[in-house]
Amino acid sequence: MKGPTPEKEVLQNIDFALQKPERRDFEDCELVNCSFASFSHYNFTDCVFKNCNFSNINADSCKMNNLVFSGCKLLGTNFSRTRDFGFAVCFIDCNLEYASFDQKKMNASRFENCKLHSVNFTRADLSKSKFINCDLYEAVFDQTNLSTVDFTSCKNFMIDPEMNNLKKAKFAAHDLAGLLYRYDLVIVP
């Protein structure tokens, strides 16, 4: 029989660029209002990040296993250089402008109320992922697996069906122009 589960360790208001942590492994933590200059070679498992700043961080060889980012700024973050094994993320109310998920296997990920302007999803596996109320202005989808993804509440996407796997993906009828842009059609409501 299992005993009571310990409470999450909470780390608040830490600028990790100024205060280098002595440890590289973080498990079952909640990080609130923290700032990071680098995630390189850190290991995060079952962690929640709230209102943190990760803009332009170095994430080389970072382990991201079952992470939730809420209200975070992740401008220009290159997730394609993180470790692939166990990569699982959820973004809620985040700004991910210019982030890159190039070639990332991240099926069943969640993006909710996120600003995804100019995000690179080239060759990523986003199958079974959830995009809820996201702004995908100039997001790049090229050879991306988008099977079963529901885009019905998203806006500003441009996805070429000939260059991406859209099997069973869902789109609102009024947004079909985002799938037909390459044909230079004039679509009248």
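The values are calculated or read from the model by the stated rules, or taken from the named source; none is laboratory data. Fair warning: this is a prediction, and the values are worked out from it, not measured in the lab. FYI the Cβ positions are ideal-geometry reconstructions off the backbone, even for glycines, and counts take in every protein chain you see. When the accessible area is computed, the model is the full protein with side chains, heavy atoms only, and any ligands, DNA or RNA have been set aside. Shrake-Rupley method; radii C 1.70, N 1.55, O 1.52, S 1.80 Å.
May I ask you to list pairs of residues, at least six apart or on different chains, whose Cβ atoms are under 8 Å apart, with the first in region 37-63 being under 15 Å from THR77 (Cα atoms) and the second being surrounded by fewer than 18 Cβ atoms within 10 Å (Cβ to Cβ) and aromatic (Phe, Trp, Tyr)?
LYS63/PHE85
What do you reckon, is PHE49 of a type outside the set (Gly, Ala, Ser) and under 19 Å from ASP15 (Cβ atoms)? Give the derivation first.
Working: of a type outside the set (Gly, Ala, Ser): yes; under 19 Å from ASP15 (Cβ atoms): yes.
Judged against the criteria, PHE49 is a match.
In region 78-169, which strands (runs of 3 or more DSSP E) lie fully inside it and hold 2 or more residues that are under 23 Å from PHE49 (Cα atoms) and open to solvent by less than 40 Å² (accessible area, probe 1.4 Å)? Don't jump to the end; show me each part of the working.
Numbers: elements: 89-92, 110-112, 130-132.
Per the criteria, 89-92.
Residues checked against (1) more than 11 Å from the chain's Cα centre (by Cα); (2) farther than 19 Å from LEU126 by Cβ:
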residue: PHE44; (1), (2): yes, yes
residue: LYS50; (1), (2): yes, yes
residue: SER55; (1), (2): yes, yes
residue: ASN66; (1), (2): yes, no
residue: THR77; (1), (2): no, no
residue: ARG81; (1), (2): yes, no
residue: CYS90; (1), (2): no, no
residue: PHE101; (1), (2): no, no
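Restricting attention to region 9-22, which residues are surrounded by 12 or more Cβ atoms within 10 Å (Cβ to Cβ) and modelled with pLDDT of 85 or more?
Pass one, region 9-22, residues surrounded by 12 or more Cβ atoms within 10 Å (Cβ to Cβ): 9, 11, 14-17.
Residues satisfying the conditions are GLU9, LEU11, ILE14, ASP15, PHE16.
Quickly run through region 52-77 and pick out the residues that are open to solvent by 40 Å² or more (accessible area, probe 1.4 Å) and more than 17 Å from GLN12 (Cα to Cα). It would help to see each step written out before you state the result.
Step one: filter region 52-77 for residues open to solvent by 40 Å² or more (accessible area, probe 1.4 Å), giving 53, 56, 58, 60-61, 63, 65-66, 68, 73, 75.
The answer is ASN56, ASN58, ASP60, SER61, LYS63, ASN65, ASN66, LEU75.
Here is a yes/no grid of residues against (1) aromatic (Phe, Trp, Tyr); (2) touching a strand residue (DSSP E or B) at 6+ places or on another chain (Cβ under 7 Å); (3) modelled with pLDDT of 95 or more:
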residue	(1), (2), (3)
ARG24	no, yes, no
GLU30	no, yes, yes
ASP60	no, no, no
LYS73	no, yes, yes
